[in-house]
Every structure is written in structure tokens, then in C-alpha cells.
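Contents: one structure, followed by commentary.
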Amino acid sequence: MKALCWTGVNETSVEEVPDPKILNSHDVILRVILTTTCGSDLHLLGGYIPFMRSGDVLGHEFLGEVVEVGTGVQKHKVGDRVVVCSFISCGKCWYCQNKLFSLCDNGNPNPAITEALWGFAPGGCFGYSHALGGYAGSHADYIRVPYADQGAFSVPDGVPDLTALFASDAAPTGWTGVDQAEVQAGDVVAVWGAGGVGQMAAAAAQLRGAERVIVIDRIANRLQQVEQHIGAETLNYEQVDVAAELREATGGRGPDVCIEAVGMEAHSSGPAYLYDQAKQQLRLQTDRPTAVREAIHACRKGGTVFTLGVFAAVVDKFPLGAVMNKALTLRGAQQHGHRYIPQILEHMARGELTTEHLATHVMPLDQGPRGYDMFKNKEDGCVRAVFQPAG
Ligand SMILES: [Zn+2]
Ligand SMILES: [Zn+2]
């Protein structure tokens, strides 16, 4: 079959690779209908997560048709149209039983790297390096889905492919941040990053009854999407003083919840950004925590800061004093999608959640390398490149 492979830092190519096979009784094989690039894939592309091998298949956000079913699978049959959570979780371990699915003890068959980095290993993720299990990704004609009864969800008939696709990763990641940050009705929520995940966090906060939702970015067409399709307020950090605007918007108090949806390659301006960039290039820190710092400073006293952006390990100039002295709750998570995907699909079926506008560029898988270039460089207003393996 054809697959879009990582072949080196900032290099991808469409290659011929072996078809996936059922390896365990709880696996299904999907024919991939749609699969999209995610901002976190850019960290793999750029070599910031150094656990890729040449030939690894990229992609963790996808929708497909079941073409083969393991003998132990109960919920799915050949022909079903399903969306799959990007995180791989067993459904049986202590973490899964406590609905902390991305922390699954069994989803990552190769936990040594992340145990060394973080103390304990989280679950696995499709197409996300050997640190997160070494699973083949979804930018391919076919994919093996382990623990399919847990991670694959049938898509209601009325929900189009291009809508349901984002119930795989972007939407449940946004939902995870808003739910785990315990956004309350009447809250003011600030979201750093207007990519797919930031937009979905804003949508989730609104559906949960936040009074004001303010999204911060520098790219005009993404901010325009936020206003037009999500209905949230926006701030362009290249044009305004974000901290001052957020104070103004909250009567001087600051947002109740600050959600960071940017991650390790954050942009900014000024000396702090240059310092971060230099240290990251020299491998003296793994991540650029620009947006996290801003969120911690902007947050009201006693508020919650939640990191949804992907970070690798260690950062410098982390404002620990603000966390302690302002009595902040600081949390983060990879998505617990198994918990949120069913309700997201219901919102989609009722027309309460708009996602198709994220798919600005839909193309055959053959054009994957070009799609990644456009996505990375935000060319032609690219918010997400979506690949159709069937062409
Ligand atoms: Zn993702
Ligand atoms: Zn588990």
C-alpha cells in the first residue's frame, strides 16, 4: 500500500510499505477515508521529537471504513464508518478504568523512553514516534487499530466525513483541556493558539457556558475563522498588548482559565523569544514555553492554566513563582478522547459544532509532502491539509 513516511528532518515521501495485518484479536484494519496533519506532527517533522526512524508512517488524526475485524472485537463490523482516537488505550488498566485514557499503562509497548523522560509512560499514539509506541500512522491506504472496541467510534449517518475527521484528535483535545480545567458557566477563558486544537478548545468552552472566550494568535485567517465559525473573540498578539487587553476584558482581574494550545515551537517577539529559540537550537532546553509563560502571567489569581500544546521535556525561565504566589492550578494532558468523542459526535450530529472549515486544503495522499510544506509554512491560508488516500 501507499503511505506518507518521515524520511528525515523536514523530509517526507510517499512510499510503498507492507499492508497492515491483524496482530491481536482486538484489532481492526481500516481503509483510511480521510487523515489530516496536526500541529504536533510538525514537531516530528522538524526533528524536535528525536525518536523517529526513516520510513515511519506519519499521521494520528483519521477516519476510515472497517475492512477486517479481529475475533475478539465486539462493537465493529466490516463496512462500519469509524473515527479513531489518536491515543491508544486498553480500556482495562487502572488509568482507563478511571477515564484517564491517554495515561493508559498498556497503550505504549515501548515505554522505556518516556519513563526515562517523564518518570512514567503515558499511552501510545498512532504515527507519533518510537517514544509513543512506534505505531504506524494514518497517512496511508490502510491502518491497524489496536483495542478497537475502546478507540474506534461509529460515526452517525448524518455527519459528513470532513466533519467527523476532527472528532479524532483536534476536538477531543480541546474538550480535554476545557473539561479538565473545569471551565464553569460564566467564566472568561483565554486560549493561546488558533489552530485546530485552539479553535476546538474555544468551541468546547462556549458549549460549556463560558461567558467570554478570547483566542490569541498572529495569523489573520485563523483569527478570522475563530470569529466566523466559532463565534469567539480574538486578539492578534502582533498588533495588541495581549496582557493589557485581557485585563481590560475582565475588569482588571484576568481570565479564570487560560488554555495553551501552541506547544514547543511557540512564536513571539522580543528578547525572551530569542533566548528560547537559541537555547532550543543548542539543545539546552527542549521546548519554547513562550505561550505558557504568557498564560501563567495573564491568568487571574487562583485561576487555572492548562497546557494542551505538545511539549517534550524541560524548559527554562519557567515562572514557578507566579504559580505559587498566585495560587494557580497548573494542569496539562494529552487527550482523553475515549471520554469525549461520543458527545462530540452528538454535537456534530445536532449541528452544534463546526469543524469542516479547518480543512482548508483537501488533496490526494500522493501530494502529502506538498501538503506538509503548505501546512508548515501556513501557505495559501492553510489551516489543515487533509489527505484522501483513495484519491
Ligand atoms: Zn494531534
Ligand atoms: Zn489502559
Taking the stated definitions as given, is Gln184 farther than 18 Å from Ser102 by Cβ and away from ligand 1 (no atom under 16 Å from the Cβ)? yes
Strands (runs of 3 or more DSSP E) lying entirely in segment 20-128 (those with 3 or more residues that are more than 16 Å from ligand 1 (Cβ to nearest atom) and either of a type outside the set (S, T, N, Q) or open to solvent by less than 40 Å² (accessible area, probe 1.4 Å) (or both)): 28-36, 61-69
Answer yes or no: is there a residue in segment 298-312 that is without any contact (Cβ under 8 Å) to a residue 40 or more places away in the chain and either open to solvent by 60 Å² or more (accessible area, probe 1.4 Å) or part of a helix (DSSP H, G or I) (or both). no
Hey, among His76, His139, which residue is farther than 22 Å from Glu15 by Cα and either more than 14 Å from ligand 2 (Cβ to nearest atom) or free of Cβ contacts under 8 Å to residues at least 60 places away in the same chain (or both)? His76
Would you confirm whether any residue within segment 275-288 is within 26 Å of Arg253 (Cβ to Cβ), basic (Lys, Arg) and in a loop (DSSP other than H, G, I, E, B)? no
Select the strands (runs of 3 or more DSSP E) contained entirely in segment 148-256, then report the ones holding at least 1 residues which are under 23 Å from Tyr273 (Cβ atoms) and open to solvent by 30 Å² or more (accessible area, probe 1.4 Å). 233-236
Give segment 375-391 a look and list any residue that's in a loop (DSSP other than H, G, I, E, B), out of contact with any Gly (no Cβ under 8 Å at 6 or more places or on another chain) and buried (at least 23 other Cβ atoms within 10 Å of the Cβ), or say none. Pro389
Options Leu358, Leu284, Leu308: the member that is modelled with pLDDT under 95, within 30 Å of Asp161 (Cβ to Cβ) and more than 16 Å from ligand 2 (Cβ to nearest atom): Leu308
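The values are calculated or read from the model by the stated rules, or taken from the named source; none is laboratory data. Here the structure is a predicted model, which means the values were calculated and not measured. Counting neighbours? That spans all protein chains shown, and the Cβs are built from the backbone with ideal geometry, glycine included. Quick note on the areas: whole protein, heavy atoms, side chains included, nothing else; ligands and nucleic acids left out. Shrake-Rupley method; radii C 1.70, N 1.55, O 1.52, S 1.80 Å.
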